[in-house]
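Below you'll find the structure, written out as structure tokens, and then a few comments.
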Amino acid sequence: MLVELRLVEQRHQAVFEVLEGVPVTQVALRYGVTRQTVHAWLRRYADAGLAGLVNQSSRPATCPNQMTPQVEARLVELRFEHPSWGPRTLRHQLGEEGVEPLPGRSSIYPALPPADH
């Protein structure tokens, strides 16, 4: 938390310097960041104040293309019915059953239980 606060204080100081009239290029050099980063801090500070200068996750809030639990359950059923079928055949079968949107083959493989040999 202390490191986070120190980081926010540094960003706040950089924003304050720009608002006082110091050129963005100079501020960027002093803090070892790009001009674009300083501009991003200025935007975030304008939008959310000091809270906008806290590190933000780049992880998306949602995953719209994530496989639904129903499709994943159907894949598991198909795998138990046909242990030799791989992701390509399973995907084809889902398409035959009218599943939309079809998951990619690379998404199907991790969802499968191990095949019985």
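Assessment of the range 47-67 against the conditions (without any contact (Cβ under 8 Å) to a residue 60 or more places away in the chain, touching a Leu at 6+ places or on another chain (Cβ under 7 Å), part of a helix (DSSP H, G or I) and surrounded by 10 or more Cβ atoms within 10 Å (Cβ to Cβ)) yields no matching residue. Quickly run through the range 1-46 and pick out the residues that are among the hydroxyl-bearing types (S, T, Y) and free of Cβ contacts under 8 Å to residues at least 12 places away in the same chain. If the condition is that a residue be among the hydroxyl-bearing types (S, T, Y) and free of Cβ contacts under 8 Å to residues at least 12 places away in the same chain, then T25, T34, T37 are the ones that fit. Here D47 clears all of (1) within 19 Å of P114 (Cα to Cα); (2) under 26 Å from the mean Cα position of the chain (by Cα); (3) among the acidic types (D, E) except the condition numbered (1). Of the residues in the range 70-87, at least one is more than 23 Å from the chain's Cα centre (by Cα), loosely packed, with under 13 Cβ neighbours inside 10 Å, among the hydroxyl-bearing types (S, T, Y) and at pLDDT below 95. The number of residues in the range 74-98 that are over 14 Å from Y109 (Cβ atoms) and in a helix (DSSP H, G or I) comes to 8.
The values are calculated or read from the model by the stated rules, or taken from the named source; none is laboratory data. This structure is a prediction, so every number in the text was calculated from the model and none was measured. Counting neighbours? That spans all protein chains shown, and the Cβs are built from the backbone with ideal geometry, glycine included.
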